[in-house]
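Following: one structure in structure tokens, then a few remarks.
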Amino acid sequence: MPAPPEDLNVLGGPLQPCGMDPVTGFYRDGCCTTGPEDVGSHTVCAVMTREFLQHQESVGNPLSTPRPEYQFPGLRPGDRWCVVAMRWLQAHQEGVAAPVVLASTHQRALEIIPLVVLEEHACDVPGDASQLL
């Protein structure tokens, strides 16, 4: 299901879904849509890597840990997830940024991360994301 038409990606086109297995997004709609309730800006569609997940754990953001009360299954390498823009930027600055799906990354991410930085980590995600492991 595509995002509402007013939601654009960092390339200026319609925001594409990020992930449905597990279902991602601040609103758990599969897209990195955002709004006033999303103070963390969960706007970067990232493909999880082992290094990124370990880094997030080390900075107090245990993305691998299931949190059923938030409909959060815990993530594994290869999963696509809408991550907080500032957390992704921190990982980039520390050399462990996860690959980014630009068509699925909300334009609001550009308030925090320059497009050129996102483009450095851009990937096309194959149907079988295990190829990225």
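Scanning the stretch 13-32 for residues that are on the phi < 0 side of the Ramachandran plot and basic (K, R) yields a count of 0.
Please name all residue pairs, on different chains or six or more residues apart, with Cβ atoms under 7 Å, provided the first residue is in the stretch 111-127 and is modelled with pLDDT of 95 or more and of a type outside the set (A, V, I, L, M) and the second residue is surrounded by 11 or more Cβ atoms within 10 Å (Cβ to Cβ) and part of a loop (DSSP other than H, G, I, E, B). Going by the 7 Å Cβ cut-off, the qualifying pairs are H121/A97; H121/P99.
For Y27, the criteria (1) at pLDDT 95 or above; (2) more than 12 Å from the chain's Cα centre (by Cα); (3) among the hydroxyl-bearing types (S, T, Y) hold in every case but one, which is (1).
Here's the yes/no breakdown for (1) in a helix (DSSP H, G or I); (2) under 20 Å from L115 (Cβ atoms):
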residue	(1), (2)
L11	no, yes
R28	no, no
T33	no, yes
V39	no, no
T43	no, yes
E51	yes, no
E57	yes, no
G60	no, no
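When you look at G35, is it under 21 Å from E111 (Cα atoms) and at pLDDT below 95, yes or no? In short, yes. Applying the condition of being under 9 Å from the mean Cα position of the chain (by Cα) and outside any helix (DSSP H, G or I) to the stretch 67-98 and asking which residue is farthest from C31 (Cα to Cα) yields A98.
The values are calculated or read from the model by the stated rules, or taken from the named source; none is laboratory data. Just so you know, these numbers come straight off a predicted model, no measurement behind them. Every residue, glycine as well, gets a Cβ built from its backbone with ideal geometry; the counts of neighbours run over all protein chains shown.
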